[in-house]
Amino acid sequence: MSDRSGPLRHGDVLDESLARLAATGPEWGGGLSNHGPMAAEAMIGLGHQDDVARWLDRYLRRLEEPPRPTGRITDQTWRAALGDPHRVADWELYLREQLAEDPWPSVLARWWPRLVPGLAAAATHGIIRTSHAARGLAAGQTNERVAELARGLAYWAATYLELPGSPRTAGHLDLDAAVSGLPVAAGPASRGLITERIRASLSGDARFPAATGALRPPADVPADLLRLGTVFARTFLIYGRTEPIAFLHAVTAPVAARSVLGLLPADLARPTYDALWQVAAALYSAYAGNAAPEAVPVTEPPAPDVLADRAVGIGDEHAIKLTEACLRLYSESPDPVLLHAAARGCELLA
């Protein structure tokens, strides 16, 4: 990923983008997530800050106004409001109050362990949006970025979704073997939102909790999350052609969360890894059974800068986020699978 201007310019672009997006709701079109804040931050990371404003000019046209508050959430009532999407505006006000009283790292550390068990929220967009917001704040605190953290956490809380079984790795299998042992949904694929598909495919399937628990515990969470992202980038290459958007979230969610683990207490790393594995496994179980597998490319992949330019040129928010995630991992572990996955994403989402 290139660096085409200084940090002040990056900050200006991010804050201007968040200000423009502040009057939009977290979803549009009947349950599709608003990717504006995440994609803008990812484009800056790809070195394309000069393209963000034009991209937003187009993207903002599809977004909707935020919902209105329905009632006050308090320290005594927040648990009852978890997973209620109609209360996302209430959640935002509640979290804004906390961010006005306490430093943002303290609020993030308070809510992360409360929300991690429901990490499947909005097909992982809750944790992804929160992670992008926290990355922005780590680079510099502004009012716009604090407000975006409130919105990210609020979206996560309002769409909170736990999956069957305990999100706890306790077995002896390595990651490749654990993925191979996952059950896959049989029969024709059902349409609808990703979370609806996951619910339908895992409902009553006693195999899933046992299969996810068979993965051995992480020895080094940052290293194991790098491995998790890379393995599911390969899975995206093999199975993602039919349902690319579903499969790519098994890459973008671990990478986004991994990027902010250093901002959180160390004891949150293990439950975060376990929950991310459980959700990635659920995506595989829900979608792999209806996908025709393909071979992983063996040709030379495009260069990182070429991929960054390609993703931004296509303009698809998922291609942008997947490319940023793959290049982030590639900068630490240069596995060509990551470049091929970004290239495939651009191909399928163009």
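The values are calculated or read from the model by the stated rules, or taken from the named source; none is laboratory data. What you see is a predicted model; the values in this text were computed from it and never measured. Because the Cβ atoms are built from the backbone with ideal geometry, glycine has one as well, and the counts that use them run over all protein chains shown. Ligands, DNA and RNA are stripped out before the accessible areas are found, and what is left, the full protein with its side chains, is counted by its heavy atoms. Shrake-Rupley method; radii C 1.70, N 1.55, O 1.52, S 1.80 Å.
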Would you kindly compute the Cα radius of gyration of the chain and its largest Cα-Cα separation (Dmax), both in Å? 18.9, 57
In whole µm²/s, the translational diffusion coefficient that Stokes-Einstein assigns to the range 48-98, given a Kirkwood hydrodynamic radius over C-alpha pairs, 10 °C and 1.306 mPa s, equals 120
Report the convex hull volume per residue for the range 197-322, counting only C-alpha atoms, in Å³. 138
What percentage of the solvent-accessible surface of the range 213-264, computed with a 1.4 Å probe over protein heavy atoms, is contributed by carbon and sulfur atoms? 52
Under the rule of at least 5 residues apart or a separate chain, name every residue whose amide H is placed under 5 Å from the amide H of E27. N34
Size descriptor, Kirkwood hydrodynamic radius, that averages inverse alpha-carbon separations across the range 35-187, Å: 17.3
What translational diffusion coefficient, in µm²/s and rounded to a whole number, does the Stokes-Einstein relation yield for the range 133-173 at 20 °C and a viscosity of 1.002 mPa s, taking the hydrodynamic radius as the Kirkwood radius over Cα pairs? 169
May I ask for the distance between the Cα centers of the range 275-331 and the range 30-66, given as a whole number of Å? 19
Using each residue's phi in the range 76-92, evaluate 6.51 cos²θ - 1.76 cosθ + 1.60 at θ = phi - 60° and report the 3J(HN,Hα) Karplus result to the nearest Hz, with x for Gly and Pro. 8, 10, 5, 4, 5, 8, 4, x, 9, x, 6, 10, 4, 5, 5, 4, 4
I'd like the per residue volume of the convex hull spanned by the Cα atoms of the range 194-236, given in cubic angstrom. 93
Over the Cα atoms of the range 108-167, what radius of gyration and what Dmax do you get, in Å? 11.7, 40
Compactness check, the range 162-219: C-alpha Rg relative to the 2.2 N^0.38 Å globular estimate gives 1.21
In whole Å, what three semi-axes, largest first, describe the equivalent ellipsoid of the range 116-206 built from its Cα gyration tensor (square root of 5 times each eigenvalue)? 31, 17, 11
I need to check one value: relative contact order of the chain, counting alpha carbon pairs closer than 8 Å and at least 6 residues apart, in percent. 19
With a 1.4 angstrom probe the carbon and sulfur portion of accessible area for the range 64-187, in percent, totals 50
Given 4 °C, 1.567 mPa s and a Kirkwood radius over Cα pairs, the Stokes-Einstein diffusion coefficient of the range 1-107 in µm²/s is 82
Which ³J(HN,Hα) values in Hz, rounded to whole numbers, follow from the phi angles of the range 39-51 under the Karplus curve 6.51 cos²θ - 1.76 cosθ + 1.60, where θ = phi - 60° and Gly and Pro get x? 5, 4, 5, 5, 4, 4, x, 7, x, 10, 4, 6, 9
For the range 299-344, the Rg and Dmax computed from alpha carbons only, in angstrom: 9.4, 26
Using mean Cβ contacts within 10 Å as the protection proxy, how do 38-46, 62-70, 277-285, 329-337 order, highest first? 38-46, 277-285, 329-337, 62-70
Could you work out the percent of alpha carbon pairs in the range 133-268 separated by over 23 Å, rounded to a whole number? 45
